Amino acid sequence: MREAREQKIGVIGGGLMGHGIAYLFAAAGHPVGLYEPIAEIRESLPRRLKAIAELFEEDPVLLKRIEARDALAPAMQGAAFVFEAAPEKLPLKQQLFAELEAAVAPETILASNSSAIPSAEIGRHLRHRERVIGTHFWNPPHLVPLVEVIQNERTSEAVVQETIALLRDAGKVPVHVRRDIPGFVGNRLQHAMKREAIALVAAGVCDAETIDTVVKEGFGARTAVLGPMEQSDLVGLNLTLDIAEVLIADLDRTAGPHPFLRDKVKAGKLGMKTGEGLRKWAPGEADAVRERLSRFLVEQAKAKRKAKSHP
Ligand SMILES: NC(=O)c1ccc[n+]([C@@H]2O[C@H](COP(=O)([O-])OP(=O)(O)OC[C@H]3O[C@@H](n4cnc5c(N)ncnc54)[C@H](O)[C@@H]3O)[C@@H](O)[C@H]2O)c1
């Protein structure tokens with residue numbers, strides 16, 4: 001296996017996800033080549049990257065490790081890994097991977113941050129498909145620890161292990177997802193819960209505010225330290241089964257998105273950006289939620305870094 005530290009990392013796209021991914025690898029000591037075709041976004045990178053350094057109270061001198069370029073080949077030259085965070089369009093990603101194959105060594109690992117497109121599709125036309133993999137970061141990638149590492153039917157085991165090692169060394173918490181299925185693991189879990197939550201509100205069992213309170217003040221209060229599998233084993237699988245016998249048949253099984261959700265979208269009630277979605281949002285309330293989330297994630301990330309540097 002290659003030594004993880006100081007390998008050159010290529011990042012494609014300097015948007016919301018790409019700039020955070022570039023930051024985290026630079027902070028871990030890697031030189032980073034970033035390809036961003038849009039001049040305005042490229043020029044905004046130093047300011048956006050500096051803002052992350054300020055969040056972590058890190059020396060912005062580390063940003064010198066990131067070099068942003070307006071062309072793919074020079075940015076990716078010599079990269080051991082490439083993380084693609086370009087717009088979510090299959091033909092565009094396929095085109096970028098074709099250009100990548102011509103620009104980097106045959107063993108360079110090519111990872112896509114796509115939320116939904118199978119990496120096998122993105123790499124379909126490549127000669128060396130065993131090095132194509134999915135790496136699903138969560139937004140913001142420099143703050144949320146998890147990265148789902150998704151193996152497709154062609155990805156080699158060695159590529160999975162090298163990708164996991166690199167991410168772990170950079171302070172992330174990578175998990176191995178063995179099949180490239182829609183939603184991977186995290187979004188499937190999230191949407192299973194949202195499906196039930198929306199059905200409960202639609203049926204008039206409770207309002208949307210109540211759902212949020214139940215999650216945040218109930219099982220959510222312990223979820224960061226007690227996952228659902230641990231919790232099931234904690235209470236005992238006999239109890240888990242007894243509850244499932246009563247409950248499962250009663251849970252929502254609407255085929256497709258719930259009509260309640262479709263009607264909201266049709267009515268233009270899209271959430272914070274329109275002032276109403278599942279809940280009503282007075283001016284300033286949405287900003288307060290964003291501020292609360294950002295503060296919480298920064299505090300968590302800082303505490304983790306501190307624990308890592310002073311175990
Ligand atoms: N935003 C999220 O919460 C999130 C979470 C996980 C995964 N993703 C995935 O990450 C990828 C990027 O999402 P984002 O939210 O950062 O999008 P974004 O629009 O913020 O960033 C995409 C960047 O790619 C650039 N770009 C446009 N054309 C390009 C090209 N031809 N070559 C290279 N770069 C190009 C854009 O200028 C932009 O800066 C998508 O595949 C998305 O599905 C997003």
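Annotations for the structure displayed:
- Cβ separations smaller than 7 Å between residues 6+ apart or across chains give the following pairs from the stretch 12-28 residues that are within 13 Å of Lys172 (Cα to Cα) to residues that are near the ligand (Cβ under 9 Å from one of its atoms) and part of a strand (DSSP E or B): Ile21/Phe137.
- Pairs where the first residue, in the stretch 283-301, is in contact (Cβ under 8 Å) with a residue 40 or more places away in the chain and the second is not small (Gly, Ala, Ser), C-beta under 6 Å, 6+ apart: Leu297/Leu143; Val298/Leu55; Ala301/Leu143
- One residue stands out among those in the stretch 164-184 that are among the hydrophobic types (A, V, I, L, M, F, W, C) and farther than 20 Å from Gln300 by Cβ: the one that is nearest to the chain's Cα centre (by Cα), which is Phe184.
Yes/no per residue for (1) within 16 Å of the ligand (Cβ to nearest atom); (2) closer than 28 Å to Ser156 by Cβ; (3) touching a Pro at 6+ places or on another chain (Cβ under 9 Å); (4) assigned to a loop (DSSP other than H, G, I, E, B):
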| residue | (1), (2), (3), (4) |
| --- | --- |
| Ile21 | yes, yes, yes, no |
| Glu40 | yes, no, no, no |
| Arg48 | yes, no, no, no |
| Ile52 | yes, no, yes, no |
| Leu62 | no, no, no, no |
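- Some residue of the stretch 181-204 being surrounded by 16 or more Cβ atoms within 10 Å (Cβ to Cβ), assigned to a strand (DSSP E or B) and aromatic (Phe, Trp, Tyr): no
- In the stretch 93-118, residue surrounded by the most Cβ atoms within 10 Å (Cβ to Cβ) [restricted to those that are within 13 Å of the ligand (Cβ to nearest atom) and among the small types (Gly, Ala, Ser)]: Ala111
- Of the residues in the stretch 235-254, not one is under 26 Å from Glu148 (Cα atoms) and not aliphatic (A, V, I, L, M).
- Boolean, Gly14 is part of a loop (DSSP other than H, G, I, E, B) and at positive phi: no
- When Val175, Val160, Val144 are checked against the criterion of being part of a loop (DSSP other than H, G, I, E, B) and surrounded by fewer than 22 Cβ atoms within 10 Å (Cβ to Cβ), a single residue qualifies: Val144.
- Residue list for the stretch 23-38, restricted to those being surrounded by fewer than 17 Cβ atoms within 10 Å (Cβ to Cβ) and either acidic (Asp, Glu) or within 16 Å of the ligand (Cβ to nearest atom) (or both): Pro37, Ile38
- Some residue of the stretch 68-77 being in a loop (DSSP other than H, G, I, E, B), loosely packed, with under 13 Cβ neighbours inside 10 Å, modelled with pLDDT of 95 or more and not small (Gly, Ala, Ser): yes
- Complete set of residues in the stretch 119-140 that are part of a helix (DSSP H, G or I), within 17 Å of Arg178 (Cβ to Cβ) and within 15 Å of the ligand (Cβ to nearest atom): Ser119
- Flag for Val82 being under 30 Å from Lys304 (Cα atoms), more than 10 Å from the ligand (Cβ to nearest atom) and in contact with a His (Cβ under 6 Å, 6 or more places away or on another chain): no
The values are calculated or read from the model by the stated rules, or taken from the named source; none is laboratory data. All figures in this text were calculated on a predicted structure; none of them were measured in a lab. Glycine gets a Cβ as well: all are built from the backbone with ideal geometry, and neighbour counts include every protein chain shown.
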